[in-house]
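These notes are about the structure you will find just below.
The numbers here are math on the coordinates, done by the rules we state, and not lab data. Everything numeric here is computed off the predicted structure, so don't read it as measured data. Here the Cβ positions follow ideal geometry from the backbone for every residue, glycine too, while neighbour counts run over all protein chains shown.
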Amino acid sequence: MSRFQTLTPSRLSREDFVKVFADIYEHSPWVAEKAYDLGQDASIDEVDGLHQRMADLLLSASHEMQLALINAHPDLAGKAAIQGALTASSTAEQAGAGISACTAEEFARFTHLNDAYKAKFGFPFIMAVKGSNRHQILAAFEERIHNAPEQEFACALAEINKIALFRLQQL
């Protein structure tokens with residue numbers, strides 16, 4: 001278990017806790033709010049402990065809340081990325097995977113896959129891209145687009161929880 005490098009979550013006020021952890025789950029501060037409201041103890045001072053608490057909150061949320069959180073995520077190599085409208089975390093994650101270096105053909109492929117995926121599933125393709133490159137991401141996109149909707153919904157939640165863990169590990 002690793003402790004947070006820059007803070008001690010159990011010692012934060014509710015306001016500071018929510019401010020620090022609000023975007024661990026993309027544009028969904030409710031996860032941080034509920035995590036704080038469960039009480040402060042030493043378990044949340046460990047990255048894995050806080051992550052488990054937050055992941056459990058996501059997985060136990062209503063389908064509507066889960067879907068809203070999935071839909072809060074930007075398309076990979078989508079319009080928000082091109083326009084510079086991503087959160088700082090999403091910008092860094094996509095750049096780290098080399099998405100900002102896509103060729104025109106690769107951007108066109110991402111656009112086509114994003115549109116086809118959203119038409120089929122009703123939400124954006126989610127992948128924790130840390131440690132991946134744009135070629136691996138495109139391959140995963142092309143494979144997962146053939147999944148059943150309920151399988152892909154569960155996969156999106158699992159990927160969101162991976163993204164949250166990566167973000168927590170940076171604090």
Inset, instruction - Please give the helix 149-169 orientation as an angle from the longest Cα principal axis of the chain, in degrees from 0 to 90, rounded to the nearest 10. - result: 50 degrees
Legend entry - Percent of Cα pairs exceeding the 27 Å cut-off, where the set is the chain: 27 percent
Legend entry - Spin-label model distance (nm) - L67 vs D16, 7 Å beyond Cα toward Cβ: 3.9 nm
Legend entry - Cα-based helix-to-principal-axis angle, 104-121 vs the chain, degrees rounded to 10: 70 degrees
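With each run of n ≥ 4 DSSP H residues scored as -39500 (n - 2.57), what mean residue ellipticity at 222 nm is computed for the chain after dividing by its residue count and rounding to the nearest 500 deg cm²/dmol?
Details: 9 runs with 103 residues, N = 171.
Counting only the DSSP helices, I get -18500 deg cm²/dmol.
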Inset, instruction - Report the relative contact order of the chain, percent, no decimals, based on alpha-carbon pairs under 8 angstrom and at least 6 residues apart. - result: 25 percent
Legend entry - Nonlocal amide H pairs with R3, under 5 Å, H built at 1.01 Å: V47
